[in-house]
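This report refers to the structure that appears directly beneath it.
Derivation of every value follows stated rules applied to the coordinates shown; laboratory data play no part. The structure presented is a predicted model; accordingly, all values stated were derived computationally and were not measured. Here Cβ is always computed from backbone atoms with ideal geometry, including for glycine, and neighbour counts include all displayed protein chains.
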Amino acid sequence: MKICTKLRLNIYLLTIILFGFSCKLKQEIPNLTTNYQISVGDIIITNSGNKSVLLLDFEGHFKATLLDLNKNETPTGIAYNSITKEILISVDGIADRVIAISTYSLAKRDFINDIGNLTGTLYGITQLTQGDIIISEGNTIERYNSS
């Protein structure tokens, strides 16, 4: 296995627990987001094999399919946008882009669709503390401001 593939696998494994709250007992998870479809402790998994993004509860039980992509696209990274309260999924494909999924309604929209700059292989995505979005793209890092 190539080092790059191992690194990518490790990054995927580190990012599957979205909110970072791991609890051993069900009663330890506070019920803070009862109106939200995606709750604290939920797990989000990108599956490059079947081109989908899955939502699991904190115990690993299936809750929903958040995103199904066509055969020419691959979900490559996950981030949480604390400003808009959306899950950000970087998509590598013919038209590289970032899709935002509402934690409240699961509505989807193109968050970043910058065909001129997003032309390499997308690997990951994160949000900086001031709100800017960073996308790892091959040998390049793209930075988008919070607006």
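The table for this structure:
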{"item": "Under 13 Å, Cβ to Cβ, from Ile89 - net charge with Lys/Arg +1 and Asp/Glu -1", "result": "-2"}
{"item": "Region 46-141: radius of gyration over Cα atoms, expressed as a fraction of 2.2 N^0.38 Å", "result": "1.05"}
{"item": "Cleavage-rule hits (GluC sites (Glu not before Pro)) in region 53-89: DSSP loop, at most 14 neighbouring Cβ within 10 angstrom", "result": "Glu59"}
{"item": "Candidate aspartates and glutamates for bridging to Lys71, where Cα separation is under 12 Å - those fewer than 8 sequence places away on the same chain excluded", "result": "Asp92"}
{"item": "Virtual spin-label span in nm between Asp132 and Asp57, 7 Å along Cα→Cβ", "result": "4.1"}
{"item": "Net lengthening on full extension, Lys71/Asn117 (0.36 nm per residue, minus Cα-Cα)", "result": "14.3 nm"}
{"item": "Net charge of neighbours whose Cβ lies under 15 Å from the Cβ of Thr103, counting Lys and Arg as +1 and Asp and Glu as -1", "result": "+1"}
